[in-house]
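Read through the structure below, which is laid out as structure tokens, and then see the notes.
Please treat every number below as a calculation from the coordinates, not as lab data. Keep in mind the model is a prediction, meaning the values are calculated, not measured. Backbone-built Cβ (ideal geometry, glycine too); neighbour counts: all protein chains shown.
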Amino acid sequence: MQKDLRGVPEFDIMRQGKDYKYYEMGEWKVSSSGKTIPISNPYNGELLGNVQACTKDEVDHIIATAKENVECWETTPIKERSDVLKRAAKLIYKWSEHLGNILMQENGKKLSSAISEIERTALIFNATAESRDQLLGETLVGDVLEADSREKISMTYRVPLGVILCIGPFNYPFNLTGSKIAPALLAGNSVVMKPPTEGSITASHFGVILETAGLPPGVFNFVTGRGSEIGDYLSSHPDINMISFTGSSSTGQRIAEKTGMKPLLLELGGKDAAIVLDDADLEMTVRAVVSGAFSYNGQRCTAVKRVLPMPSIANELVERVTEEAQKLTIGNPAENKDIGPIISSKQCDYIQELIDDALEKGAKLKCGNKREKNIIWPTVLDYVTEDMRIAWEEQFGPVIPFIRIQSADEAIRISNQSQYGLQGMIFTNDIDLAFNIAQELEVGTIQINGKSSRGPDHFPFLGTKSSGMGTQGINYAIKNMSRPKVVVMNLTERGKLVHECVAKEDTP
Ligand code: NAP
Ligand code: G3P
């Protein structure tokens, strides 16, 4: 499959000049609000485009459209649904350079990572299409459990939930909306997408991609607008049957409060701790910590958010992580610099608050604590203690705190004391010990001798406590976005009628 390196005329319909439109029933629309939200490149402040500030009436209309179009899609053969996703995957890959370039300008992700995010989404679409057997049902006979239920036979197959609201975060605005859209569509649901405002332009391209792939109009729709203005209205809307959300724990908890009995899939914040034991392979650990803490400027839920080293290796580990952090290149994402801009000045201010608090309370600065506009230099803080905010708050920036420990028990306590429970890491050569520590950690996933990560995308991905609800990951998402339909056949008496079924004597 070839990549398309030209401009993409198919995308022209999405906008008028720099004003991007929202998408409903296969049409690109301008909001009646007359308002738009400017989206600027976080690196140089250049205006990338404006997205519609949709109204609540438009939200009502788009949800009604999605609801009206569930049936046409539910009754589309699963094989055909799967084929649409496969065609979409090919288009996503074909346009990945173009989309990656837009993504980079929209959220400051370095170009190579931005293109990887797009390509990864193509992989998810294709793998989801291949996982249609997740929708197979099963047949059960009653007398397996109850001797007098021999006449009961249950037949189960899976059906869609209806209209699924897919809400994604700014840091993976294409991949983390796509990872919801694909399973939702395979399962036969219709979709209303609410992309992150910073990320809306990139995610808007799903309209062209899915229409070109043959998705009927009205099955996929999206609104744009600030979550703070239309988010509550969207998530509490009575015609939304399920919400798949990725974002901060505070927003996720807000959604949970607003939605009552509605099925939810929430992938939220993290404070993943790397426990480093005395016998850890330091070279591997340094690579994992530096990559895990500073990729995409630390703006990943699965970033390494704190390191808990045992005393015998702590000094060398801190020195080597500092040495590597200082080698990271800094600047323009278009030039694939390792460290680029944080998504907003406000977020930069928050990160700086955490650094200042730690230093005021006695942490030792090893490198960084430097800011130019939206760029914060990779910052290593040693001797971080539990009274410091950065020990517990999600920094979502290029800052790594070292909290020195004296025992595995202490590491487990500090890990579990967090409100978050996304992932944890254990670096050691004692695999038995690693497994036993893993057993104690209150997190969704434990990485042994590796950095936290959501991928590969068919792996289950989940958070406990404030890190989420439900399980993402291709097969898990398909199951979460569908439900069993159970039909029970109550026979009069199995086998009895057979003997009565005889040829009727021919009447002369
Ligand atoms: P966010 O501020 O919570 O926003 C996430 C999404 O929710 C955006 O589309 C946002 O729209 C929307 N939103 C805001 N208020 C809403 C409301 N009241 N109702 C419904 N939707 C609303 O999070 P973010 O800053 O984009 O992403 C960073 C956070 O997400 C971090 O905490 C990170 O750990 C977490 N995250 C978790 C995962 C995971 O898989 N666990 C992955 C990525 C990120 P607007 O953009 O218009 O505000
Ligand atoms: O924060 C986004 C989260 O999904 C991280 O994904 O693959 O970079 O671990 P990944």
Considering only C-alpha atoms, what is the centroid distance from the range 171-204 to the range 392-434, in Å?
32 Å
So for the range 41-94, using the alpha carbon gyration tensor with a ≥ b ≥ c as root eigenvalues (a/c under 1.5 gives rounded; past that, a/b versus b/c decides prolate or oblate), I'd call it oblate
Name the shape class, rounded, prolate or oblate, that the alpha-carbon gyration tensor gives for the range 1-127, where a ≥ b ≥ c are the square roots of its eigenvalues, rounded holds for a/c under 1.5, and otherwise prolate holds if a/b is larger than b/c and oblate otherwise.
oblate
Can you sort CYS367, CYS301, CYS501 from fewest to most other Cβ atoms within 10 Å of each residue's own Cβ?
CYS501, CYS367, CYS301
Once normalised by the length of the chain, the mean sequence separation of its alpha carbon contacts under 8 Å that are 6 or more apart gives a contact order in percent of 17 percent
Add -39500 (n - 2.57) for each DSSP H run of 4 or more in the chain, then divide by its residues: what number comes out at 222 nm, to the nearest 500 deg cm²/dmol?
-10500 deg cm²/dmol
Rounded to one decimal in Å, the inverse mean reciprocal Cα-Cα distance for the chain, i.e. its Kirkwood radius, is 24.4 Å
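Divide, for the range 273-462, the radius of gyration over alpha carbons by 2.2 N^0.38 Å, where N is the residue count.
Relative to the rule-of-thumb radius for its length, the range 273-462 sits at 0.96.
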Any residue on another chain or 5+ positions along whose placed amide H is under 5 Å from the amide H of LYS29 is listed here as TYR22, TYR23, GLU24
Using the Cα centre as the reference, give the magnitude of the dipole from point charges on the C-beta atoms of the chain (Lys, Arg: +1; Asp, Glu: -1; all else neutral), rounded to the nearest 20 debye.
1000 debye
Other residues with Cβ under 15 Å from the Cβ of VAL159 give, with Lys and Arg +1 and Asp and Glu -1, a net charge of +3
Residue by residue through the range 471-488, which ³J(HN,Hα) values in whole Hz follow from phi under the Karplus form 6.51 cos²θ - 1.76 cosθ + 1.60 (θ = phi - 60°), with glycine and proline marked x?
10, 8, x, 3, 5, 5, 5, 4, 5, 5, 9, 8, 9, x, 10, 10, 10, 10
Rg and Dmax in Å for the range 57-177, alpha carbons only: what are they?
20.3, 66
Using a/c under 1.5 as the rounded threshold, could you call the range 170-258 rounded, prolate or oblate? The axes a ≥ b ≥ c are square roots of the C-alpha gyration tensor eigenvalues, and prolate needs a/b larger than b/c, oblate otherwise.
prolate
Cβ density ranking, 10 Å radius, fewest first, applied to VAL487, VAL70, VAL399, VAL307 yields VAL487, VAL70, VAL399, VAL307
Which ordering of SER116, SER466 is given by a fewest-first count of other beta-carbon atoms within 10 Å?
SER116, SER466
Hydrodynamic radius of the range 349-403 per Kirkwood, over alpha carbon pairs, in Å
10.8 Å
Note down the relative contact order for the range 273-462 as a percent, whole number, built from C-alpha pairs under 8 angstrom at least six residues apart.
27 percent
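Beyond a 22 Å Cα-Cα separation, which of these cross-linked pairs lie in this structure: LYS337/LYS370; LYS94/LYS479; LYS110/LYS327; LYS18/LYS346? If you can, show how the numbers build up before the last one.
Details: LYS337/LYS370 17 Å; LYS94/LYS479 29 Å; LYS110/LYS327 17 Å; LYS18/LYS346 25 Å.
Those over the limit are LYS94/LYS479; LYS18/LYS346.
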